[in-house]
Amino acid sequence: MDQDSSRPNFYLSNARWLAAGLLCTLGSSFGQTFFISLFADQLMELHGLTAGTWGSLYAGATLTSAALLIKGGQFADTMRLRTLAMAVVGAFALVCAGMALHDSIVMLFLMVLGLRFFGQGMISHVGMTATARWFQARRGRAIAITSLGYGIGEAVLPATAVLAIALVGWRGAWWLAAATVLLVFGGALWVLFARDRMPQGGETSGPTPGALGRHWTRPEALRHWSYWALFPGILTPAFIGTVVFFHQAHVSGEKGWSLAEMAAGYPAYAFSAIAAVFIAGRIIDRFGALALLPIFLLPIGLGIVLLQVSDRVWIWGVVLGCIGFGSGFSSALNGAVWAEIYGTRNLGAIRALAVSAMVFSTAIGPAITGLLIDRGIVLETQGIVMMLWCVGLSAIYVPVAARLRGLIAAPA
């Protein structure tokens, strides 16, 4: 009997583990671009940085973080999750305190590196890996709950941080972030990760195998065509999403919109992403994660090309809503597809490389598109190419998904 599906209230009976995953992704907000960028003016003024030098420092720290994640992500396979979560949270809180205390550009680089590694990377990796490993029969719905943390952070933290800066200054805001990470998230995760959970579905009572009925190692996955077929699509949402947020000032100048008017688009992004992860969770539970593969990029492609439709500021909310919807699909897909194809025994190592590559894409996206903007190719024009990329990949993923389903159904 599939115990997950037979329980009358899946969410209530699994609240401990669902809350643990959600808090990990919510806590990652303090290391995400949308949060760190709120302090850009103060940091640039303190260190005498230009937009270009600040962007280069940020990209360098993010790329270094991506490289470290390839190794660091493997700890999710070898360490007890509670121990790993506490180590990551403790280091993350120290880095937030370091942001409040630092006074040199070298320390700024190291602190941004720490925010990106422990925040954007490791803490969300722990939450997603744990959720994919804990759940089998209702993995899609569980990952939907875990992914909610991203949307909640994007909806709540920008305004909260701006208020904190106004009340206690930017250094005080980072002290508050450090205390929140350590006491609120650390305390809650210490309790929630105290009990592990075995997946309950079919005849499985331990780690669940993937394609061909076996648990793949990372070297085996890397030697198989499937890993590299998935990579371009997995990286695209992070690339386009970061580009859109990073170049808001450019869009503001081109369209004649104020940044205050554009800020109204953030809730559209967050709520669309939240709705999408629940829809995607249902699809994954019923049809498998591969059902999302041919469609998850289409809302993002539609969103980025809609910048050309109107010069009215309302279109910005529509653009962000579409991209948020696609990002919600992407979060759910990326949380489930690796376990579905490669099994859960070595999931941390296999996901780590994908997470590292996504972090890498968030570093190079603004740089590449920024250089094109400098050459006179505005983001609206670049959006046409991004839309064609999304549509082309979606078409390719129709036969890719069908072939992967055959591998999963094949006997060991």
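The values are calculated or read from the model by the stated rules, or taken from the named source; none is laboratory data. Everything numeric in this text was worked out from a predicted model, so none of it was measured. Glycine gets a Cβ as well: all are built from the backbone with ideal geometry, and neighbour counts include every protein chain shown. Surface accessibility is based on the protein's heavy atoms, side chains included, excluding ligands, DNA and RNA. Shrake-Rupley method; radii C 1.70, N 1.55, O 1.52, S 1.80 Å.
Quick notes
- At the residue level, residue 322 shows approximately 20 square angstrom of accessible surface with a 1.4 angstrom probe and all protein chains present.
- Among the trypsin sites (Lys or Arg not before Pro) found in segment 274-353, those both in a DSSP coil and sparsely packed, with 10 or fewer other Cβ atoms within 10 Å of their Cβ, are 312.
- Normalised size of the chain, defined as Cα radius of gyration per 2.2 N^0.38 Å with N residues, equals 0.95.
- From the C-alpha gyration tensor of segment 72-218, square roots of 5λ in Å: 34, 17, 13
- Computed over segment 319-369, the convex hull of the alpha-carbon atoms projects to a mean area of 4.2 nm².
- Mean-square fluctuations from a GNM of the chain, with a 10 angstrom spring cutoff on Cα atoms, peak among 37, 330, 29 at 37.
- Dividing the convex hull volume of the alpha-carbon atoms in segment 259-344 by its residue count gives 87 Å³ per residue.
- Within the listed set 212, 115, 12, the Gaussian network model of the chain (springs between alpha-carbon atoms below 10 Å) gives the highest mean-square fluctuation for 12.
- Ratio of Rg to Rh over segment 293-412 (Cα coordinates, Kirkwood Rh, two decimals): 1.04
- Comparing mean-square fluctuations of 280, 352, 173 from a GNM of the chain with C-alpha springs under 10 Å, the top value falls on 173.
- Here segment 252-314 and segment 38-111 have alpha carbon centers that stand 28 Å from each other.
- Average accessible area per residue (Å²) across segment 319-370 - probe 1.4 Å, nucleic acids and ligands excluded: 17
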